[in-house]
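The values are calculated or read from the model by the stated rules, or taken from the named source; none is laboratory data. Everything quoted here is computed from the prediction, not taken from an experiment. Cβ atoms come from the backbone with ideal geometry, glycine included; neighbour counts cover every protein chain shown. Note: areas computed on protein heavy atoms with side chains; ligands, DNA, RNA excluded. Shrake-Rupley method; radii C 1.70, N 1.55, O 1.52, S 1.80 Å.
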Amino acid sequence: MTAVRLMRRRARAHRGLLALVVLQVALTTAAVAGITGYVSVAERASVLATLAAAPPGDASLHLQVQLGDDRAAQRAAAEALLEAHLDDEPVVVHTSLASGSVPATAPGAAGPVEVGDVVLWSDDAFGTVAELTSGSWPDADADAADAEGGAAAGTSGSPVPATLEAGAAARLGVGPGDVLTLVLDDASTALVEVTGTWRAPTDPRWTGDPLVTGPADGDDPSGLLVPAGALAALGERGEALHDRWNVTPDGDRLLPGDLPGLGVALAAVAEAFEDDDAVDVGGVRADGDLEATIGALPVRLGGVRGVTTAAVLLVVLAGLIAFGQVARLLADLRLGETVILRSRGTSVAQVTGAAVLEAAVVGVAGATGGVVVAAAFLGTRGSVPTAALTVVGVVAALAATAVLAA
C-alpha cells in the first residue's frame, strides 16, 4: 500500500473530526465576516444618511468662474483641473451656465415694484427630471425663432421665457404670466416672462444648488431657468456669464474609506481653480461646506469601529481557542499513525505536505462556507461589502491552515 493511499485512509478515518474543524472555521468566519460586513454596511448607510440630512450648502461644493474673452480655453483649463483632482473620486460633477446677480422689478399698480435680485441660468438636462407645479416649460427654440424673425431676446417683442422654483416664486410674489424687468450690467434692460414653476428634483446633480433648491435666505438671489440660447444672447449684449460646477458625492459609489481622500481632493480642486490664471480670468467663487461635512464623518464613525474591533477580537479569540483544542486532539490521535507511515517509508516531506494540503482544504472549505453565510445574511440588509468579506475569508483560511498544519 503506497504512502498516498495510507494518508487518504487516515483522512477518511477522521472525517468526523475534520468535519467538526470545518464547521468551527465556518462559524468563526461567519461571525467575524458578519460583524465586519454589517458594520461596513451600517457605516455606509450612516454616511449617506448624514449627507442626505445635511443642509443643502453642507452637502455640495459649488465652483463658479466668470467667463472671459477666450471661453473655450478657460473651460478646457477648468475641466482639466476637475479631471485631475476628482476623476477618481466618487462624486457627481454637473455643469451649468449662469449670469451674475441682477435686480428685477415687476409691474405694480403704482409703477414698477422691486422683487429682489435674480440669476438667469440654463441647464438642458434640468427640465427632464424636475416636476412642473404650474404653467409650462420655456420653449427652448423660441429665442431662435424670434431671432430669425428679427426680435431680440429680452425685448418687449420677445421676452425671455423662464421658470423658477415654486418656493422662490412665492417669495418673489410672481407666477406664470408675470413679466419681470431686469437691469443688466450695461444698464440696459431685459424682459423675462415667467412661464411656470417647478419643484426641485432629488437628483445628486443639483444637490445643494441654491438656484435649484431656492435661496437660503432673503438676501440670496433666486434662479430663473431660461433657454441656453437666450442666455447666450444676453451674454452677447455684454452681460457677464459664469460657468458653474456643482460637485456632490455619488451615493452609488461612495464608501466610508473614500472620505479622507475625497476631503483632500475637494480642498485641492477649489484651491487649484483660484491659483490657475487660465481659469481665474474674471474671478472664482467656491461655496459649500461639503469638505467640512466629510471631514467630520470619520470622527463619528471611529467610535463604532472601536466597539466593533473589540467584538471581533473576542470572537476570534474564542474561535482560536476552540479550534486549537480540536486541532490538538486531532494531532494526538494521529501521532501513532504518523509513526506507522514513517516506518513504511513515507518521508517527512510527504507527511508534512499531506498535512498542509489537508489543512488548506479544511481551512478554505470552512472559510468559504462562513463567507457565504455572512453574505447571505448581509444580502437581506440590502448590501454585501464584497471586499471586506473577501479579506475576512482569506485571513480565516490562512489562519486555519496554519493552526491545523502546525
In the range 125-144, residues that are open to solvent by less than 50 Å² (accessible area, probe 1.4 Å), out of contact with any strand residue (DSSP E or B) (no Cβ under 6 Å at 6 or more places or on another chain) and modelled with pLDDT of 60 or more total 3
When the range 370-406 is checked residue by residue, the ones that are surrounded by fewer than 20 Cβ atoms within 10 Å (Cβ to Cβ) and within 24 Å of G353 (Cα to Cα) are V394, V395, L398, A399, A402, V403, A405, A406
Residue check for G108: modelled with pLDDT under 90, out of contact with any Gly (no Cβ under 6 Å at 6 or more places or on another chain) and assigned to a loop (DSSP other than H, G, I, E, B):
yes
Filtering the range 241-266 down to residues that are of a type in the set (A, V, I, L, M, F, W, C), outside any loop (DSSP other than H, G, I, E, B) and surrounded by fewer than 18 Cβ atoms within 10 Å (Cβ to Cβ) yields V264
Within the range 145-168, residues surrounded by 15 or more Cβ atoms within 10 Å (Cβ to Cβ), at pLDDT below 65 and not in a loop (DSSP other than H, G, I, E, B) come out as D146, A147
Exactly one of A78, A31, A98 is open to solvent by less than 50 Å² (accessible area, probe 1.4 Å), among the aliphatic types (A, V, I, L, M), farther than 26 Å from T293 by Cβ and in contact (Cβ under 8 Å) with a residue 60 or more places away in the chain, and that one is A31
For S122, the lone unmet condition from (1) at pLDDT 90 or above; (2) closer than 16 Å to V226 by Cα; (3) surrounded by fewer than 21 Cβ atoms within 10 Å (Cβ to Cβ) is (3)
Checked pairs for the range 262-285, first charged (D, E, K, R), second open to solvent by 90 Å² or more (accessible area, probe 1.4 Å), C-beta under 8 Å and 6 or more apart or across chains, list as D280/E274
The number of residues in the range 267-299 that are in a helix (DSSP H, G or I) and either in contact with a Phe, Trp or Tyr (Cβ under 7 Å, 6 or more places away or on another chain) or of a type in the set (A, V, I, L, M, F, W, C) (or both) is 12
Any residue that is modelled with pLDDT under 85 and under 20 Å from D243 (Cβ atoms) - is there at least one of those in the range 179-188? yes
Restricting the range 52-66 to residues that are closer than 20 Å to A270 by Cα, under 16 Å from the mean Cα position of the chain (by Cα) and part of a helix (DSSP H, G or I), the one modelled with the lowest pLDDT turns out to be P56
Has the range 207-226 got at least one residue that is outside any loop (DSSP other than H, G, I, E, B), open to solvent by 20 Å² or more (accessible area, probe 1.4 Å) and closer than 13 Å to D123 by Cβ? no
Does D70 satisfy the criteria of being more than 30 Å from D220 (Cβ to Cβ) and at pLDDT 90 or above? no
